[in-house]
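Before any comments, here is the structure.
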Amino acid sequence: MNLIFLGAPGAGKGTHAEILSKDVGIPQISTGNIIREALKSGTEMGLKAKSYIEAGKLVPDDVVIGIIRDRLAQDDCANGFILDGFPRTIPQAEALDKMVRIDRVINLDVPESLILRRLSGRRVCSNCGASYNVDTRPPKKEGICDVCGGTLVQRKDDNPETVRERLKVYHEQTEPLVDYYEKQGKLRTVHGTDDTDSTARDIKNALEA
Ligand code: AP5
């Protein structure tokens, strides 16, 4: 199945794309993670994206469309994939429609008050990128990654000012995709307000419906 996870920053796209990816054995493709890796390695693309990501703005369409075109051409996508954080604009969605057929779009709907709480509690591993939450998904040892022992930090763009900008950008540029995929009959909205197990179950039910 070729899937898209749509939703505001902090709605749980990454968390639930990872759970489903492990469950059904198709890759999770996160443009945010790919860009952050490029930034860490200091590649040309990473340097180009730095000012956008740190300001909570979207990286230009041509850059992310290029990332996705290359990634979808890899062998592990042959049996399906989960796009996490792409597309985020109508031009990105139109470019994607020319590359592949999308089967389903899961729209994670979470109120802004809960999003703000989740993002202020999110911690990520500075070494391997694994994601935690001090309230809902704490590591076994405070401040230390369960997977690799790296130090947990807050993402630079999770500060309140940048989160406000990311939410504004979401409403202006990404939310129109809800209508775009509704019109194609592919959209399934899931209220991602429950705990992770219940939300993961709701997503599976929505995919089977
Ligand atoms: P990206 O990394 O994609 O950030 P985002 O869309 O803002 O999404 P987040 O990663 O913040 O949230 P999420 O929905 O994945 O939530 P999560 O699962 O972590 O992009 C970052 C930047 O890269 C963008 O601002 C932009 O600059 C650039 N970029 C990326 N893609 C782009 C594109 N296509 N075009 C242009 N620019 C692009 O969950 C959040 C927290 O809540 C976690 O702590 C988690 O543990 C917790 N949580 C999640 N679900 C639950 C649940 N059900 N119950 C309890 N806790 C939960």
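No value in this document is a laboratory result; all are computed from the given coordinates. Just so we're clear, the structure is a prediction, and the values are computed from it rather than from any experiment. Methodologically, a virtual Cβ is constructed for each residue, glycine included, from the backbone with ideal geometry; neighbour enumeration extends over all protein chains shown.
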Within a 10 angstrom radius of the beta carbon, how do 145, 128, 77 rank from fewest other beta carbons to most? 128, 77, 145
First measure r as the distance between the Cβ atoms of residue 51 and residue 77, then evaluate 1/(1 + (r/R0)^6) with R0 = 22 Å and state the FRET efficiency to the nearest 0.05. 0.15
Note on region 2-208: contact order normalised by length, alpha-carbon pairs under 8 Å, 6 or more apart, percent, works out to 29 percent
Charge dipole of region 75-209 built from unit charges on the beta carbon (Lys, Arg +1; Asp, Glu -1), centred at mean Cα; most positive-end Cα among 149, 102, 81 is 149
Given contacts defined as C-alpha pairs under 8 Å and at least six residues apart, what's the relative contact order of region 108-196, whole-number percent? 33 percent
Could you list 135, 109 in order of exposure, starting from the residue whose Cβ has the fewest other Cβ atoms within 10 Å? 135, 109
Would you give the gap between the C-alpha center of region 135-209 and the C-alpha center of region 24-69, rounded to a whole Å? 17 Å
Computed over region 39-127, the ratio Rg/Rh where both radii use C-alpha atoms and Rh is Kirkwood: 0.99
Give me a comma-separated list of calculated 3J(HN,Hα) values for region 96-107, in order, Karplus coefficients 6.51, -1.76, 1.60 applied at θ = phi - 60°, integers in Hz, x for any Gly or Pro. 5, 4, 7, 8, 9, 8, 9, 8, 9, 10, 8, 9
Residue 156 versus residue 114, label points 7 Å from Cα toward the beta carbon: distance in nm? 3.1 nm
If you project the alpha carbons of the chain onto their three principal axes, what span does each projection cover, largest first, in Å? 44, 40, 35
Sequence-distant aspartates and glutamates (8 or more away, or on other chains) whose Cα lies within less than 18 Å of residue 50: 37, 61, 62, 157, 158, 161, 165
Which whole-number percent is the relative contact order of region 90-145 (Cα, under 8 Å, 6+ apart)? 19 percent
Sorted by chain and then number, the residues having a modelled amide H within less than 5 Å of the amide H of residue 144, at least 5 places away or on another chain, are 152
